[in-house]
1. Quick check, is Thr97 in contact with a Cys (Cβ under 7 Å, 6 or more places away or on another chain) and open to solvent by less than 40 Å² (accessible area, probe 1.4 Å)?
2. So Ile212 passes all but one of these: (1) within 16 Å of the ligand (Cβ to nearest atom); (2) farther than 26 Å from Asp66 by Cα; (3) among the β-branched types (Val, Ile, Thr). Which condition number does it fail?
3. Filter segment 42-54 down to residues that are near the ligand (Cβ under 9 Å from one of its atoms) and over 15 Å from Met94 (Cβ atoms), then give me how many there are.
4. Tally time: how many residues in segment 300-334 are more than 30 Å from Ile100 (Cα to Cα) and part of a loop (DSSP other than H, G, I, E, B)?
5. Any residue that is open to solvent by 50 Å² or more (accessible area, probe 1.4 Å), within 23 Å of Leu8 (Cα to Cα), touching a Ser or Thr at 6+ places or on another chain (Cβ under 6 Å) and within 16 Å of the ligand (Cβ to nearest atom) - is there at least one of those in segment 112-120?
6. Would you please list the contacts, defined by Cβ atoms under 9 Å and residues six or more apart or on different chains, that run from a residue in segment 321-334 that is free of Cβ contacts under 8 Å to residues at least 60 places away in the same chain and polar (S, T, N, Q) to a residue that is open to solvent by less than 70 Å² (accessible area, probe 1.4 Å) and not in a loop (DSSP other than H, G, I, E, B)?
7. Just checking, how many residues over segment 160-191 are touching a Lys or Arg at 6+ places or on another chain (Cβ under 9 Å), of a type in the set (S, T, N, Q) and either assigned to a helix (DSSP H, G or I) or within 16 Å of the ligand (Cβ to nearest atom) (or both)?
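The values are calculated or read from the model by the stated rules, or taken from the named source; none is laboratory data. Quick caveat, the model's predicted, so the values are computed rather than measured. Using ideal geometry, Cβ is built from the backbone for each residue, glycine included, and neighbour counts are taken over all protein chains shown. The area values use the complete protein model at the heavy-atom level, side chains included, leaving out ligands, DNA and RNA. Shrake-Rupley method; radii C 1.70, N 1.55, O 1.52, S 1.80 Å.
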Amino acid sequence: VSNTEENLKSSIIKSITSKDVVYRNKSHETLVRSIPTMVLYDDKGLEIFDKITYVPDYYLTEAEIDVLKNHAVECVSKVARNGSVLVELGCGAMRKTKYILEAIVAQGLQNVRYYAVDLSESSLRESLLPLTEAFPTINFIGLLGCYEDSVQYIAKTIPTSTPKTYLWLGSSIGNLNRTEAAAFLKQICEKGMQIGDTFLCGIDRRNAPEVIGLAYNDTQGVTRDFIMNGLDHINTIFGYPVFDRTAFEYLSEYQESEGRHAAYYRSLRNQTVAFREGDSSVVNGTGQLKVALKKGEIINVEYSYKWSPREVDALVETAKLYNVGKWTDSRDMYDLHLFQK
Ligand code: AVJ
């Protein structure tokens, strides 16, 4: 794992003390504070996110499962061969992986290796164990770490002649902005892929704003719990209460012109967020340890980008990949894209 606690501490302090994220609202441009999206994914956060994937308002998971149920066989026939390596980035609970694995077995493919990359060791173990039992002919390997390290590890340890497929499901790409997403794909293409290797990517569309709005502000309040848990996680990371959770509320906003959902913490009153003296050692830059927040001031914690077909085309082109397949759910909301080097 590359992101140590000290790194996370310092990136939280750095990001919240600087206003560097541009927030466009009805032609006004403001700078807002931010907190790294990573804070959403402690064990509790992973648990709540898993709940989100069962909430009907959060249509993405159901849509992706629908695509896989109907098209996994065709999809696998285009990506996997005997001796193939599959690398799933950010595999999480792997609820969707089984459809791909079933298709591999159905096609009688031999010597397939499946690498699961995740930041949580317990979730890797819990998710992989039942799969090893259900799919005895497939070889499972868990990789604990970030995407970059995993891609490097794959590039170093697997011969270039081995056919490779990366899986990046669940619209995980949505947490990167368009420039970052293209740079990330390009990097994997350059460092971790040979000509002919493939990349299967689940991407959410620019659906109707009300539909997206509900997906990120569901009627059961599970998304709100997920986002608010980020503040608890920060307090755990620092070991003292930095944020008073009751002094903030979740603000969910679909920014249509940007094609992204934005999740913010909104301050319910004028307040000061303070970091302790000892943590100044981890601050690079200003050394500022107190952040004054006005009532109504917002702090961004997450963007979830949605992609139009043209934006996907531009992404693929920048990454120096080719678009070689696309499968869609029965409600026409979500696509599984197949890219190839
Ligand atoms: C896991 C990044 C795909 O942005 O849709 C769900 C996370 N945030 N509800 C998304 C999330 C709020 C999710 N991803």
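1. Details: in contact with a Cys (Cβ under 7 Å, 6 or more places away or on another chain): yes; open to solvent by less than 40 Å² (accessible area, probe 1.4 Å): yes.
Judged against the criteria, Thr97 is a match.
2. Condition (2) is where Ile212 drops out.
3. 1
4. Counting residues in segment 300-334 that are more than 30 Å from Ile100 (Cα to Cα) and part of a loop (DSSP other than H, G, I, E, B) gives 0.
5. Checked segment 112-120: no residue is open to solvent by 50 Å² or more (accessible area, probe 1.4 Å), within 23 Å of Leu8 (Cα to Cα), touching a Ser or Thr at 6+ places or on another chain (Cβ under 6 Å) and within 16 Å of the ligand (Cβ to nearest atom).
6. Pairs found: Asn323/Val312; Asn323/Val316; Asn323/His337; Asn323/Leu338; Asn323/Phe339; Asn323/Gln340.
7. Of the residues in segment 160-191, 2 are touching a Lys or Arg at 6+ places or on another chain (Cβ under 9 Å), of a type in the set (S, T, N, Q) and either assigned to a helix (DSSP H, G or I) or within 16 Å of the ligand (Cβ to nearest atom) (or both).
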